[in-house]
Amino acid sequence: MADPAVMAGGFSAVVGRSGGGKATSSPAENYQLARRRTLQVVVSSLLTECGFESAEKAAVESLTEMIQSYISEVGRCAKAYCEHTARITPTLSDTVVTLIEMGFNVNTLPVYAKRSQRMVITAPPVTNAPVIPKALIAGQKRTHPSHIPSHFPEFPDPHTYIKTPTFREPVSDYQVVREKAASQRRDVERALTRFMAKTGETQSLFKDDITAFPLIAARPSSIPYLSALLPSELELQTLEETDSSEQDDQTDSENTPGNNLNDDPGADKENSMLPPGGVVPSVKASEENMIDNPYLRPVKKPKVRRKK
Amino acid sequence: MHEIKMNRKKDKGFESPRPFKLTHQVVCINNINFQRKSVIGFVELTIFPTVVNLNRIKLNSKQCRIYRVRVNDLEAPFIYNDPTLEVCHHESKQRNLNYFSSAYTAAVSAVDPDAGHGELVIKVPSELWKQGDEMNVLKVYIEFSLDQPKGGLHFVVPDVEGSMAERGAHVFSFGYQNSTRFWFPCVDSYSELCTWKLEFTVDASMVAVSCGDLVETVYTHDMRKKTFHYVLPIPTAASNISLSVGPFEILVDPYMHEVTHFCLPQLLPLLKHSMSYLHEIFEFYEEILTCRYPYSCFKTVFVDEAYVQVSSYASMSIFSTNLLHSALIIDQTPLTRQCLAQALAQQFFGCFISRMSWADEWVLKGISGYIYGLYLKKTFGVNQYRHWIKEELDKMVEYELKMGGVLLHPTFGGGKDKDNPTPHLHFSIKHPHTLSWKYYKMFQCKAHLVMRLIENRISMEFMLQVFNKLLSLASTASSQKYQSHMWSQMLVSTHSFLKSISNVSGKDIGPLIKQWVDQSAVVKFFGSFAFNRKRNVLELEIRQDYTSSGTQKYVGPIKVTVQELDGSFNHTLQIEENSLKHDIPCHSKSRRNKKKKIPLMNGEEVDMDLSAMDADSPLLWIRIDPDMSILRKVEFEQADFMWQYQLRYERDVVAQEESILALEKFPTPASRLALTDILEQDQCFYKVRQGACFCLAKIANSMMSTWTGPPAMKSLFTRMFCCKSCPNIVKTNTFISFQSYFLQKTMPVAMAQLRDIQNLCPKDVLNFILDLIKYNDNRKNKFSDNYYRAELIDALTNSLTPAISISNEVRTVDNLNGDVRLILEEITRSLNMEKLLPSYRNTITVSCLRAIRMLQKNGHIPSDPSLFKSYAEYGHFVDVRVAALEAVVDYTRVDRSSVELQWLLNMVQNDPAHYVRHKILSMLGKNPPFTKAAESPLCNEALVDQLWKLMNSGTSHDWRLRCDAVNLYYTLFGLTRPSCLPLPELGLVLNLKEKKAVLNPTIKPEQGPDTTEMTGNTMGVHIPVMGFTSSLDEGLITMETVSSVSMSSGVAPPPQGLKRKLDSVVGPLGSSPPEPGQVLQEEDSSKKFKIRFNTMEEDEIDMESPHDSQAFIHHHLNILERPSTPGKEPPAVDQAVLSLPVTPLPSSFSKESTSSSKHSGHHHHHHEHKKKKKKKHKHKHKHKHESKDKERDSHAFSNSPASGRSVRSPSMSD
């Protein structure tokens, strides 16, 4: 289903990319290069027609690029108009509308085409249109179901929509599961530590082979107790769960007055302590007032006559 | 005077050693600079003179820079002299520890507040002391500052971005015993009580926590700082005052609102959890003491780089932040609770009730330790309590037997032993600051054990009544606001304590006190028995060893428990002078009642399989002193089956542990069975089961050839902790039952000690442990498994055995043994994972470091300290650092590396963390690079100098560290002059000067190796000479071995080695002619001593004009910095002679002194004095005989403060 307009679009895109003029050899690129060369000839002949005797290569290239873009745009638009009217092949009227749309006076075209000084350009060398590499065929290509007319586009290749079941029966044997979990964890840990060791500084236990048993270098930290004492985030989650349940237990059993503070005493205090202003208790809860602790009292403003 | 005071107060109350009474003190610190680590403030002491014409006030102050002193608004001259900065001033070549110890004790005595002395002597302006007899209040106002304090206050300033508060910078006070003088001038005695007003101005983002009630917090005018005002109305000793400032998070205790907890930023969740049971401890103590907590509030502060884990001060305690833990952590929880309980016990006894003198310290430590034990019993159960008592007793007994006795209540003077009641020790126990740390720990241990003995005698009820009485007396006294003479009721003394015991109980505990408190040492029993079938009598023989060091003779009752077929019977025997044998009639005939159940001590009746026992004897087992009511070690002999019965059926954990220990010697299938049964028994105390694991491993190793079945404990572990369906895989962790958790942790560690016939860890045991690590799965566990994983690494460590290889072969990856490769892989992975997911307290890193050291030591991987050194750097978690340092210490010993030793000693001097410094020295002491008994290339003069300098002046800021250094010096060189030093050149000088041509023959060959380079051959010539002169066969033999060693090694340490041997051979020889150098040394030391302190006395004469204190302090600091060896003198004797100064002319002396007295700059004056004295002194060395008498005359009148007496020099009194 080679469609010229589509081809033109594809052509320009490819040429645009390989504009650097690399020596290429694939058939598709040969084809495109041939077209491009024809365009260059066209540009050159037009220039001659206009009275130029010579032109810089760069200028010719630019003009070629412009003409190519123009033709591509015409093709693209024409294709769009044709698809707009539910057809798949552009007609003359599509092209005309396109040209008008692009601001070209169509009426001048026949005159221009028949001008006397025009040069005849040999047809581009026949090169084989590039062969679209065959997509991997996965499964049977589906035909249209009966309710879809046959002129509608075919289904895409099956690999784009077919799902392939790859899972096997889950292993339920306890021993194997444990075995797997263990070796998986070990592999992950080993890979991770190896990676860390490879990417960072290491210490080694052997002098002859410093890559054997690499140890991630010990790095002193400025506040070493934090990482050593605080549980990791994962552990913290479980901690919070157990903590809250423990606290509930306590409130239940103790029943001391003022114990209802226990629900969240720390959070309140934590917030109240943090502002740099100092020990200003948040006036959020009325229960808070029941605690008379000197460290929770507000800081006094200095007296004017106060000494020291 | 002093000596009498130190004695037990027989009938008098407290007598202050000071001519004044302190009633109130203000401490105001108005600037704390974290950047510069400096503190500025002032103190004001309100004192009442108790004598007419109080003209001098002695206070304690160390390292403070004092700007001005005013007494009642009048400028007062003062002198600041701290003899402990540099213990032995002039540079002698003494270097023997005896000399140092006595000089150090004298220096500490000279400023001892309990004797009325102090570093700071203030002259009361004459306007004030002319006022006559009416006792006027004096207000002593002192402005001071501290710049980068080395002791007393510790600044922790993490090196990160942000403000000081964001960085978590904090500062706190610390010290060993009375050390408050390090951070403000005070009377640093536990017996001088006063009320307090404390003010601290700190950054607005910080909190200042101190003793007493926080009255108010006020902003400064610029609103950038705030001042915390504390008032402590309860009379308190300065030594119990503390401070900590930092950006603390605040937690008001949800149960007790007057209790506030403080921790460093981000740790609040841990604080909340860790403090959630503090109220229970409060309730417990208040209930048993029937007394409310004496202070109106209590504060706990958790700080980083703490000096000790727990330190208690009046109404507050400072803890190490590393005690905090989350709910996930099992192992730390009881430890933290114990620390809290200790701190709280010391609040009652130690802070609120203080002591009269150092000799009474045991009462406070004893009571607080005892009530802490009661808390243990209540919270952790009787088993844990008894286990703890046994552990403490064993620890203490072991120490006393090794080091000699621990004396709880030393009395000084008057006695025959003169000043030293403990001549076996290398330090003086006269002051807390001269004690070895280990000794002090054992002292505390013994104190609470003795309290328990008293409880045994008078019952717990009476005991608690006594405590209550002490507390109520004290609280009555404390409320007497203006009657400071009443405050001495708050001081406890041995006498008052014993008196209230006899008042309350009506019992005489004199013999008990005499035996355990007034006397050091423990009792060592050996027991054995025979059963006399005819008489049906148990013939018990109890012998004692009271001749070896640390032992004493015991006379008195002893309890013996005999378990017979018919039941358990207690017998009380009298241990008397000459009776060794005791006949105990038995109640049951053997095998009479076969079918019956056997009644136990606790009334339980059990079925026993009696087939193992001796058919002729009804005895199942025998226990001597089962209640541990004597401080003793018992070695008892009974048959293996008796130990097995005891292990299985005796319900007391102490008995079970004893039998486990004994069964190690009986590797039989029956022992194996008994131990396995105990392991399986859930009701059995978990620590006993843990002990059984290790015993079983030992037995299995002894029974190697006859052992049948899988390796010991393997099937047991499989049954208990592995999946039913797949026995090689361990269950996923659920540590809900703590008993089985502890057992699960211990079993692999014990199993790894198993060995096969090749003395290797059996392959299946190693694979088993590797599988445990592999299949460890903690996802479903509500507790952290970090301790468990760490112990699995420990198990791998335990499985290591020495590598089989040719010596000196380079350890490479290629020749790594397969098993070791697996082990190493696990260790590498675990250690690396710790970097990504650190475990609580980095337990796994700690275990990995130990494992790597073990691999190195066993020759599997190359021995290399660099890894450990990097982990030991400042900035790692302290546990990791200590583990790494331990490895470096071990490396230093094994590889005899002087580089590492230097590195360690360097760290001792420079590390910011005091605990780490202390730890290094104590680890070096425990695992010394060499000892006085052995040769080592490390032992050289430079090292002696360095260590000497360390203890002489380098550690003056930390009592504990100084004593650690003394300990190390003792371990390395012993009491006498280190053997690696050349003989003192003085010996030679003296000979030359005296023109006594008789050079001692023992010195003569000594010059040879020093002056001429000797080869192995010439040495061979010298040896016979040596042997001849010393005329001692042993000497000859040792000399020969030395020479052969040095010759075979090829390297040339011969001069050193020869010299050292010579010295050590000559030293202990009592009969051989005394060597002149040594004699001189002795006399010399005593003389120098006097001179040194006399200079101080003379200082005091010059007090008329105000001092330039700063310059004076600078002078002292210079002394501190100055190397104690001015210009290292090479060991060669002739050079040493040359280096001595020429005899100074007497005329130049007089000139100097006159010119200096005219000098206006007073500090300069001092300086001159010192210099002069020093020169004079050196000069005296030479003219020893001529000047000796003169010297005596000149110093006859001035008493040395070193003798412990306060002195008024004539010039002071007019």
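Note on segment B:61-185: with charges restricted to the Cβ of Lys and Arg (+1) and Asp and Glu (-1), its dipole about the Cα centre is near 260 debye. Backbone phi angles across segment B:906-914, fed through the Karplus curve with coefficients 6.51, -1.76 and 1.60 (θ = phi - 60°), yield HN-Hα couplings of 5, 5, 4, 7, 10, 5, x, 8, 5 Hz in residue order; Gly and Pro are listed as x.
Whole-Hz Karplus values for segment B:713-722 come out as 6, 5, 5, 5, 4, 4, 5, 7, 10, 9 Hz, taken residue by residue from phi with 6.51 cos²θ - 1.76 cosθ + 1.60 and θ = phi - 60°; glycine and proline positions read x. If the segment from B:Thr220 to B:Ser126 were pulled out straight at 0.36 nm per residue, it would be longer than the present Cα-Cα gap by 30.0 nm. The ellipsoid equivalent to the alpha-carbon distribution of segment B:110-240 has semi-axes of 32, 19, 15 angstrom, derived from the gyration tensor eigenvalues as √(5λ) and listed largest first. When the inverse distances between all different Cα atoms of segment A:25-110 are averaged and flipped, the Kirkwood radius reads 14.9 angstrom. Amide H contacts for B:Glu216 (H built 1.01 Å from N in the peptide plane; partners 5 or more residues away or on another chain; cut-off under 5 Å): B:His229. Which whole-number percent of Cα pairs in segment A:173-242 have a distance greater than 19 Å? Of all Cα-Cα pairs in segment A:173-242, 63 percent lie more than 19 Å apart. Close amide H contacts of B:Arg68 (hydrogens built in the peptide plane, cut-off under 5 Å, sequence separation of 5 or more or a different chain): B:Glu143.
Annotation for segment B:239-256 versus segment B:897-969: alpha-carbon center distance of 35 Å. Here is the size of segment B:544-614 from its Cα atoms: Rg then Dmax, 16.7, 50 Å.
Ranked from largest, the principal axis spans of the Cα set of segment B:756-800 equal 42, 15, 9 Å. The alpha-carbon positions of segment B:286-361 define a convex hull whose volume is 123 Å³ per residue.
Rg and Dmax of segment B:129-203, based on Cα coordinates, read 17.8, 61 Å. In this structure, the residue pairs whose Cα-Cα separation is over 26 Å, taken from B:Lys390/B:Lys698; B:Lys559/B:Lys745; A:Lys180/A:Lys207; B:Lys62/B:Lys139, are B:Lys559/B:Lys745; A:Lys180/A:Lys207. A crude spin-label estimate for the pair B:Lys581 and A:Ile71, with each label 7 Å from Cα along the Cβ direction, gives 13.2 nm.
Within segment B:9-85, all pairs of alpha-carbon atoms sorted by distance into 10 Å bins from zero give the percentages 13, 39, 32, 12, 3, 0. The Rg/Rh ratio for segment B:572-711 is 0.98, where Rg is the radius of gyration of the alpha carbons and Rh is the Kirkwood radius. Taking amide H atoms as placed 1.01 Å from N in the peptide plane, the amide H of A:Thr202 lies under 5 Å from those of A:Ala217, each 5 or more residues away in sequence or on another chain. Projecting label points 7 angstrom from Cα along Cα→Cβ for B:Asp771 and B:Ser870 puts them 3.6 nm apart.
Cα extents for segment B:375-509 along the principal axes, largest to smallest and rounded to whole angstrom: 46, 43, 28. Given in Å, the Rg to one decimal and the Dmax to the nearest whole number for the Cα atoms of segment B:267-424 are 17.9, 59. Within segment B:858-917, all pairs of alpha-carbon atoms sorted by distance into 10 Å bins from zero give the percentages 24, 57, 18, 2.
Coordinate-derived values only; no laboratory data. It should be emphasised that the depicted structure is a prediction, and the values quoted were computed from it without experimental measurement. Cβ: placed from backbone, ideal geometry, glycine included. Neighbour counts: every protein chain shown.
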